[in-house]
1. Would you confirm whether any residue within the range 380-393 is assigned to a loop (DSSP other than H, G, I, E, B) and out of contact with any Leu (no Cβ under 9 Å at 6 or more places or on another chain)?
2. Suppose we filter Ala229, Ala187, Ala238, Ala216 for residues that are modelled with pLDDT of 90 or more and among the hydrophobic types (A, V, I, L, M, F, W, C); which single one remains?
3. Can you tell me which residues in the range 151-184 are over 30 Å from the mean Cα position of the chain (by Cα) and in a loop (DSSP other than H, G, I, E, B)?
4. When only residues in the range 166-193 that are in contact with a Gly (Cβ under 6 Å, 6 or more places away or on another chain) and surrounded by fewer than 19 Cβ atoms within 10 Å (Cβ to Cβ) count, which is nearest to Val204 (Cα to Cα)?
5. Which residue, of Lys476, Lys449, is of a type in the set (Lys, Arg) and either surrounded by 17 or more Cβ atoms within 10 Å (Cβ to Cβ) or in contact with a strand residue (DSSP E or B) (Cβ under 7 Å, 6 or more places away or on another chain) (or both)?
6. Let me confirm something: among Val455, Val483, Val421, which residue is out of contact with any strand residue (DSSP E or B) (no Cβ under 9 Å at 6 or more places or on another chain), modelled with pLDDT of 95 or more and open to solvent by less than 20 Å² (accessible area, probe 1.4 Å)?
7. Mind listing whichever residues of the range 464-489 are among the aliphatic types (A, V, I, L, M) and without any contact (Cβ under 8 Å) to a residue 60 or more places away in the chain?
8. Determine which single condition Pro198 fails, assuming it passes every other condition in (1) under 30 Å from Pro467 (Cα atoms); (2) in a loop (DSSP other than H, G, I, E, B); (3) without any contact (Cβ under 8 Å) to a residue 60 or more places away in the chain.
Amino acid sequence: MAKFVALYGCVVLSLCAVRVHAQKTVTVPEGIVTYPDLVLYNANLVSMDDGGYNLKVGTVVQAMAVRDGRILALGKNDEILPLAGPKTDKLDLKGKTVIPGIVDSHVHIHDNALTQWLTENPQESRAAAAVFRAQGASYEELRHSVETVLKERLPGVEKGKWVFLNLPIAPDGSGKGIGTSFTLDRAMTRTDLDKLAPNHPLLVTAHPGYLVNTQAVEAVQRIYGFDPADEILEGGVAEQGVYYRRGVVIDSYLKGKRELLAGIYQKELDKWAAAGVTTFSSHIMGFDAFNAYVKLRRENRMPIRFGYSHFAGLMVNPYSASFYERLGDMAGFGDDWLWQTGVGAGSIDSGPPAICTSVDIPKEAKAREVCRLDKGKAQGEGLYAALAAGQRVAVGHSFGDKGADQFMDMVERAIAEAPGVTLESVRAHRMSTDHCGLYPRPDQIPRLKKLGMMVSCGSNMLDRMEPWLDLYGRDKAKWISPVKSLLDGGVKVVMEHEGSPTGLFAAMVPLMTRINRQGIAVAPEEAVDRVIVMKMATSWPAEFMLKEKVLGTLERGKLADFVVLNKDYFRIPMEEIATVRPLATVVNGRIVFLESQLASELKREPLGTQLDYSKKSDSME
């Protein structure tokens with residue numbers, strides 16, 4: 001290997017007596033020799049160090065040495081194995097494929113953790129909130145069911161306790177369920193709910209539709225300490241119900257219970273490590289949620305890395321503009337385990353059918369659309385203040401094309417009006433938007449490129465949006481996660497996976513085939529190759545999270561985060577990619593997951609959460 005530099009740092013104080021090809025004996029005291037902590041050999045190690053928009057994976061080697069959490073050297077077996085010392089952990093991978101750790105640009109790990117904990121601890125769930133379900137195939141039946149359930153069940157619920165009433169939703173997340181349309185059409189008013197639940201905060205849920213009573217509005221005021229802005233008081237609490245369903249349990253029932261919350265998160269993070277995810281990004285719901293992550297970090301208990309966006313200033317805060325004027329630019333601030341990626345915009349619209357679009361559709365359907373960046377709304381004012389203050393904004397949820405237009409309008413307004421904000425400074429920040437539900441339009445792509453923006457797209461959008469093409473127009477299929485058009489237009493795209501950990505590799509396949517779970521082809525011309533998808537899951541999202549200098553590829557000096565696979569992702573038939581799974585996950589040079597099969601081959605004990613791949617991989621909200 002022409003550029004092989006395995007002697008790098010092999011001995012403290014520049015003493016470089018090492019065992020190389022001739023197997024020379026070390027002649028300096030063992031105490032000052034620093035050997036690798038870990039050596040992999042006989043591997044098909046794919047570095048992904050070619051970050052270009054092409055089908056090249058970059059350097060492929062047999063072996064790698066790791067020391068102090070970083071990659072020390074890569075090369076052939078006979079170049080790397082001689083570096084090993086008497087205490088070096090050596091793994092003979094017998095030809096197995098190794099890739100950089102998966103970097104997931106958008107996944108609600110902590111939200112799923114809380115849901116799972118409440119499911120596994122029904123006594124805690126009952127203490128946190130009462131959860132009921134209403135059923136019906138029509139508005140009339142649903143209304144009757146809501147009335148019946150509340151009349152029968154509320155007498156047994158402690159006064160003042162939160163009540164979550166779930167209505168039917170579509171299992172594919174498309175928003176086609178009767179409960180979703182019932183809530184979005186406000187088929188029951190706040191007055192109706194006040195009469196049924198005068199003594200309990202009530203949240204009627206059918207994502208992305210929510211209804212609340214006055215007790216719920218007042219409870220939100222008590223929790224977050226603000227008299228809400230008019231838009232929040234009159235509709236925003238219902239429109240943003242997903243925030244409160246996720247956050248209210250943390251900010252009320254679990255307030256101050258940081259060790260419990262940290263343990264809940266750690267358990268779920270372990271699952272995602274077992275799935276091959278070594279870094280993820282998300283905004284944080286609930287004020288104590290961040291404190292729980294800080295606790296994990298301070299106690300060195302984080303199994304994977306977290307780049308979070310700052311959302312707290314926008315949540316139930318009529319003074320968000322003033323808040324973000326004072327916060328300062330903190331993008332990238334933190335360490336390699338927990339850092340801020342910028343101001344989190346949260347949701348600038350909602351999920352289908354409440355997305356913000358420019359499409360001309362019937363009046364009753366248009367009335368369901370939610371555009372949170374409309375002029376005069378507190379969320380838009382807060383985001384503009386952040387942009388004008390020179391901060392990086394990461395839009396965590398943008399489903400429709402109009403919402404993306406409104407955000408880019410704000411960015412360009414800041415460039416035109418705000419002192420110190422220039423096109424160059426904006427491009428350096430790599431602003432981002434997530435989801436690609438029904439955007440970008442072809443004419444938006446040059447604008448995204450000009451602003452230096454990156455886009456996070458998920459294959460689940462093919463499931464969620466295809467059912468709505470009869471409303472928005474079949475020609476709009478090419479607006480749904482248009483990965484190839486974005487890349488052709490010079491906009492870098494990353495992959496997000498909002499599903500369960502066991503469905504990670506299965507979620508890659510629709511980006512290559514454009515076939516959704518219903519077997520429908522959605523704009524097949526937007527399909528991309530498996531190598532591109534792997535770049536979307538490794539090297540490119542490291543840029544998205546502002547960590548490309550230390551994450552995303554396997555290169556000397558970078559953090560030693562990598563995954564050993566059960567199959568060669570790059571050579572197997574496409575129909576087998578969904579069956580790819582990790583056999584081992586290493587983060588910071590430490591094995592955090594070792595699957596039982598590989599553990600047996602290596603004569604070791606399994607490590608970490610052993611996931612059950614026989615279960616169906618359902619999507620998460």
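The values are calculated or read from the model by the stated rules, or taken from the named source; none is laboratory data. Small disclaimer: the values here were computed from a predicted structure and weren't measured. Every residue, glycine among them, receives a Cβ derived from its backbone with ideal geometry; neighbour counts consider all protein chains shown. These area figures cover heavy atoms from the full protein model, side chains too; ligands, DNA and RNA do not enter into them. Shrake-Rupley method; radii C 1.70, N 1.55, O 1.52, S 1.80 Å.
1. yes
2. Result of the check over Ala229, Ala187, Ala238, Ala216: Ala187.
3. Hits for the range 151-184 are Val157, Glu158, Lys159, Gly160, Lys161.
4. Filtering first and then ranking leaves Pro168.
5. It is Lys476.
6. Criteria check complete, one pass: Val421.
7. Matches in the range 464-489: Leu469, Ala477, Ile480, Val483, Leu486.
8. If we test Pro198 against (1) under 30 Å from Pro467 (Cα atoms); (2) in a loop (DSSP other than H, G, I, E, B); (3) without any contact (Cβ under 8 Å) to a residue 60 or more places away in the chain, just (1) comes out false.
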